[in-house]
1. For the stretch 116-141, how many residues meet the condition of being part of a loop (DSSP other than H, G, I, E, B) and more than 17 Å from LYS86 (Cα to Cα)?
2. Which members of the stretch 214-254 meet the condition of being closer than 14 Å to LEU166 by Cα and either loosely packed, with under 13 Cβ neighbours inside 10 Å or among the small types (Gly, Ala, Ser) (or both)?
3. Right, ARG112: of a type outside the set (Asp, Glu), surrounded by 15 or more Cβ atoms within 10 Å (Cβ to Cβ) and within 30 Å of TYR164 (Cα to Cα) or not?
4. State all residues of the stretch 26-69 that are acidic (Asp, Glu) and more than 18 Å from ALA7 (Cβ to Cβ); if no residue qualifies, say none.
5. Taking only the stretch 205-262 into account, find how many residues are assigned to a helix (DSSP H, G or I), of a type in the set (Asp, Glu) and either under 17 Å from ALA186 (Cα atoms) or not assigned by TED's automatic domain parsing to the domain that holds ALA147 (or both).
6. Out of LEU166, LEU158, LEU187, LEU195, I need the residue that is surrounded by 13 or more Cβ atoms within 10 Å (Cβ to Cβ) and either within 14 Å of GLY83 (Cα to Cα) or β-branched (Val, Ile, Thr) (or both). Which one?
7. Scan the stretch 36-44 and tell me whether some residue there is farther than 30 Å from ALA256 by Cα and in contact with a Leu (Cβ under 7 Å, 6 or more places away or on another chain).
Amino acid sequence: MQRYFVAPEQFRGGAVTITGEDAHHALRVMRMKPGDKIIVSDGESRTVLASVTELIPQAMKADILEKLPQDSEPAWSVSIAQGLPKGDKMELVIQKGTEIGAAEFLPFESERIVVQYDAKKESKRLERWGKIAKEAAEQSHRHRIPAIGPVRSWKELLATIPDYDLAVFCYEREGDAAQGVGIGAALRKFREGKLLSLEEGRTPSVLIIVGPEGGFTDREAAEADAAGAVVAGLGKRILRTETAGIVGLTCVLYEAGEMGGE
């Protein structure tokens, strides 16, 4: 069944209106007709089953049949801070991270980034990334579209670390020869410690920090540690930058019980 995200104000009484590219997609690509069922979410607190009543090139209207439970979002809110990679790798991180369950993406600059960041192109880049997140959220039956923050400097990213209940700085040296702290140990320590002290009903927040193709410097690792992040490895093998965040996210959600973890 086709799913769509709309702004809250597009819900009016017992009906909802889909506009723009989504309406065009429904009419021209999906070839929907009155009576077809769709699922519509406002990306916040409401997801409904609706029946199409009218289709025109600019809009599709549907009557709400019932409110659906919002049960596909993870119990923990996990953000991926991604050192800017080259090419279209950030698009892959956003697409797959959204499918798995990331709540937010924070692109940032660091010492060893390979790509030449152009601030003039940021608005178009963020628009493209937002579209990818929306499509991936629809495909994976999410109830919310992950937020995508503006590109931050390294210092700006460090300043956000205290905002999270746990920040994991993914550093390949911690995985060398199985030495150092692994992300599994860091997550278990969090579960057995700080997680228990959180206010009941509050969603735990976790930040996964991943470096670009060139990795992180020792100085950046020390600064992350000083800012309150846990420096941890993702295993003995060196992962590509577009793989590391996805692996880290999966590990966190497993520990949160989303994938059969405890």
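The values are calculated or read from the model by the stated rules, or taken from the named source; none is laboratory data. Note that the coordinates shown come from a computational prediction; the quantities given were computed from them, not determined experimentally. Glycine gets a Cβ as well: all are built from the backbone with ideal geometry, and neighbour counts include every protein chain shown.
1. Within the stretch 116-141, the first condition is being part of a loop (DSSP other than H, G, I, E, B), and the residues that meet it are 116-118, 140-141.
From what is left, the residues that are more than 17 Å from LYS86 (Cα to Cα) are 140-141.
So the answer is 2.
2. Within the stretch 214-254, the subset closer than 14 Å to LEU166 by Cα is 224-232, 248-249, 251-253.
Hits for the stretch 214-254 are ALA224, ALA226, ALA227, GLY228, ALA229, ALA232, GLY248.
3. Details: of a type outside the set (Asp, Glu): yes; surrounded by 15 or more Cβ atoms within 10 Å (Cβ to Cβ): no; within 30 Å of TYR164 (Cα to Cα): yes.
No, not satisfied.
4. Step one: of the stretch 26-69, the residues acidic (Asp, Glu) are 36, 42, 44, 54, 63, 66.
ASP36, GLU54, ASP63, GLU66 - these are the residues of the stretch 26-69 that are acidic (Asp, Glu) and more than 18 Å from ALA7 (Cβ to Cβ).
5. To start, the set of residues in the stretch 205-262 that are assigned to a helix (DSSP H, G or I) comprises 218-227, 241-255.
Still in the list and also of a type in the set (Asp, Glu): 218, 220, 223, 225, 242, 255.
Next, only the ones that are either under 17 Å from ALA186 (Cα atoms) or not assigned by TED's automatic domain parsing to the domain that holds ALA147 (or both) stay: 225, 255.
Count: 2.
6. Working: LEU166 fails: either within 14 Å of GLY83 (Cα to Cα) or β-branched (Val, Ile, Thr) (or both); LEU187 fails: either within 14 Å of GLY83 (Cα to Cα) or β-branched (Val, Ile, Thr) (or both); LEU195 fails: either within 14 Å of GLY83 (Cα to Cα) or β-branched (Val, Ile, Thr) (or both).
None of the others qualify; the one that does is LEU158.
7. Taking the stretch 36-44 and keeping what is farther than 30 Å from ALA256 by Cα, we get 36-38.
With in contact with a Leu (Cβ under 7 Å, 6 or more places away or on another chain) added as a condition, the list becomes 37.
Within the stretch 36-44, one or more residues are farther than 30 Å from ALA256 by Cα and in contact with a Leu (Cβ under 7 Å, 6 or more places away or on another chain).
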